[in-house]
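Structure first, commentary second.
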Amino acid sequence: MAARLLILGAFLALAAIASLHLGLNMYGPRDVATALFSPSNETTDIVIRNLRVPRTVLACLVGASLGIAGAVMQSCTRNPLAEPGLMGVNAGAAFALVAALSLFGVETFLLLSAIAAAGAVLASLLVFGLALSARAVGPGQVLLAGVTVAALLASLTQMLLVTDEQALEALLFWLAGSFADRPVEVLLPGASLLLLTTVALVPMIRALDALALSDEAAQAIGVSVTRTRLVGLGLAALMAGLCVALAGPVAFAGLLAPHLARLMGARGHAQLLPIAALLGALTCLLADVAARMVIMPGEAPVGVLLALLGAPTLIVLLDRRRAGRAEA
């Protein structure tokens, strides 16, 4: 466990160093060192310190949080396909933000971020309400409700965007996910809230492990299945909603990281959550670096690159589930 964390931490540090050097303008180690430790008003120092450092921190922060959120969602629903996009979180945040911009003219970034986070949480509550209406909060009910709510909110978002071309132009890049051009002042409050949400998950580790069993077995060892599932999904949704508010709907990071962690041998949530966090941060940071390079001098949305990785992963998982059912 410790060795895997150290290796992933080293790779993440290397990726962060690359993020500071690479982009439309390539900078050498001396330029980066000067910008970090002896900054001036030179353009190079401003770009590195005010643009690349914040987006590097944000990519790590959002990637780690989505990795944790995805792992918790998969455990609570007992479904390896669960992730924030399928649970209606991304769609709820996007709809709230588009509505605030096009209907009410809100333009302040901090306020828009708060509205997006609130939309994500409200969408999650709607998902839970639909699942509870089935009189049992099981894995199938939650996922079905999540997909239904996500489709409904995505349709409403598209309707708003079609009727407001100005909002479409302003939000097109955000809706694809991006770590660029985010105000520095949102990083500290965003990081604080994400850290508090992560800490709140720590006491639930044993209960989340028990959810890997059947509901009856988990209840037999004293775990309140419904309460654990609702609290776990609620915290994961809040975490994912904050990520969407900060960086837009970054798709598939919450799906990829937990599966990569399990492939690395993570067993139990005490191992799964920290490894998924590091892998999520590494995946998002590498995708962000690649997004700057693939269509230079332009920049690709990071969500598009993550989708290119996540979509094949989802297909493979679906094929495995179908094969497993056929053998059974």
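The values are calculated or read from the model by the stated rules, or taken from the named source; none is laboratory data. Predicted model only: the values in this text are computed from it and were never measured. Reconstructed Cβ throughout: ideal geometry from the backbone, glycine too, with neighbour counts over all protein chains shown.
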Those residues of segment 107-146 that are outside any helix (DSSP H, G or I) and at pLDDT 80 or above come to a total of 0
Flagged in segment 198-211 as loosely packed, with under 14 Cβ neighbours inside 10 Å and in contact with a Lys or Arg (Cβ under 8 Å, 6 or more places away or on another chain), in numbering order, are none
**Q.** Qualifying residue in segment 193-209 (condition: of a type in the set (Ser, Thr, Tyr) and either within 15 Å of Pro54 (Cβ to Cβ) or not in a helix (DSSP H, G or I) (or both))
**A.** no
Would you call Ala59 of a type in the set (Gly, Ala, Ser) and touching a residue at least 40 places away in the same chain (Cβ under 8 Å)?
-> yes
